[in-house]
1. Quick check: anything in segment 269-287 hydrophobic (A, V, I, L, M, F, W, C), under 30 Å from D54 (Cβ atoms) and open to solvent by 10 Å² or more (accessible area, probe 1.4 Å)?
2. Kindly indicate the residue of segment 231-243 that is of a type in the set (V, I, T) and open to solvent by less than 10 Å² (accessible area, probe 1.4 Å) and also farthest from K142 (Cα to Cα) among those meeting that condition.
3. Given (1) among the hydroxyl-bearing types (S, T, Y); (2) under 20 Å from I212 (Cα atoms); (3) free of Cβ contacts under 8 Å to residues at least 60 places away in the same chain, identify the lone condition not met by Y144.
4. Any chance you could count how many residues in segment 48-76 are among the aromatic types (F, W, Y), more than 12 Å from D14 (Cβ to Cβ) and open to solvent by 40 Å² or more (accessible area, probe 1.4 Å)?
5. Using beta carbons and a limit of 6 Å, which pairs, at least six apart or on different chains, have the first residue in segment 90-111 and charged (D, E, K, R) and the second one surrounded by fewer than 16 Cβ atoms within 10 Å (Cβ to Cβ) and assigned to a loop (DSSP other than H, G, I, E, B)?
6. Just to be sure, is K156 open to solvent by 30 Å² or more (accessible area, probe 1.4 Å), among the charged types (D, E, K, R) and part of a loop (DSSP other than H, G, I, E, B)?
Amino acid sequence: MFKAANGEEIFVIDAHIALWDGSPENQVNQHGEEFISCFYDYHKNLSPSENLWDYEKFRKFTPEDLVNDVIVNGYADMAIFQPVFLTDFYKKPFGDIEENNKLVKKHPGRFISNGSFDPRDGERGLKYLEYLKAKHNVQGVKLYTAEWRGSSKGYKLTDEWTQRYLEKCLELGIKNIHIHKGPTITPLNRDAFDVADVDQAASLNPGLNFIIEHCGLPRLEDFCWIATQEKNVYAGLSVVMPFIHTRPRYFAEIISELLYWLDEDRIIFGSDYAIWEPKWLIEKFINFELPDDIKQETGTDLTMEVKKKILGENIARLYGIDIEKQKEILWNTKKAVR
């Protein structure tokens, strides 16, 4: 929990974390190394120098590292796993749902473990969704539309099979659909992350929430025009957040555009751990103010009340988390890991 300068405690939910294995031992081919190396480039180019990790640690960190970096030191009261499989690149899934759930069980009330699906799995994948709901009671899924599968270099949300999967999610009560729609990662194809197919998916599935991770960057304008008409579309700030350090003016422009088009109730904090740690992101965000000229142009402001919504209140609403009750549970049952 973050304590503001005035003593106010701010409940934080990091809506985008991962526990991954990008080690050489887990790589199937050169693409596994290319992928984790690209992650590391994002890490070293957008992080403060004092927060840089060694590459070997970065490729495969431990569950203990994650708990320490996200919960103990990172101010997050809760965090949500967003797994990516990448089974063409890695022997075991790059992000393993079963490993994530070990931490969910070990630290009750702290973590939410989302699932994933790939519509190219057909009927078998629909059965897997049923398993995820029955075994792990997943409330959301993370989609990676640019993931390679053999000769297929991605899929679209407008595909017939994707719609069947989305309908299955609604049937099972899996309402939060997190989708990577943003910067590409080597060797994946940039165009397969295009945000354009969000429009139809959101229109056809009003009972689902579409959290667009990375806000469609570098296609922010496309995302904003879609999100302003599709009220079940949300902006996930993972990857956006570190620009608060390297490009504060650019960050101000992005966040003000989101506030202008979407309003403050549909913007969601995510650190994208372990590319970045939540601690320094949150500290800089709490102290960040929009430049006066941007506030004047867009008619927006990043007040403390808005920051509280972004840091936890908005995603809590989507996942049915009563923040006051959650505070009481974590305190009274001594579930805090400190």
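The values are calculated or read from the model by the stated rules, or taken from the named source; none is laboratory data. All values derive from a computational prediction rather than experimental measurement. Cβ sites come from the backbone with ideal geometry, for glycine too, and all protein chains shown count toward neighbours. Areas reflect the complete protein model, heavy atoms only, side chains present, ligands, DNA and RNA absent. Shrake-Rupley method; radii C 1.70, N 1.55, O 1.52, S 1.80 Å.
1. Within segment 269-287 (the criterion being hydrophobic (A, V, I, L, M, F, W, C), under 30 Å from D54 (Cβ atoms) and open to solvent by 10 Å² or more (accessible area, probe 1.4 Å)), the answer is yes, since at least one residue qualifies.
2. V240
3. The one condition Y144 does not meet is (3).
4. Total meeting the criteria: 1.
5. Final answer for the pair search is K91/V28.
6. yes
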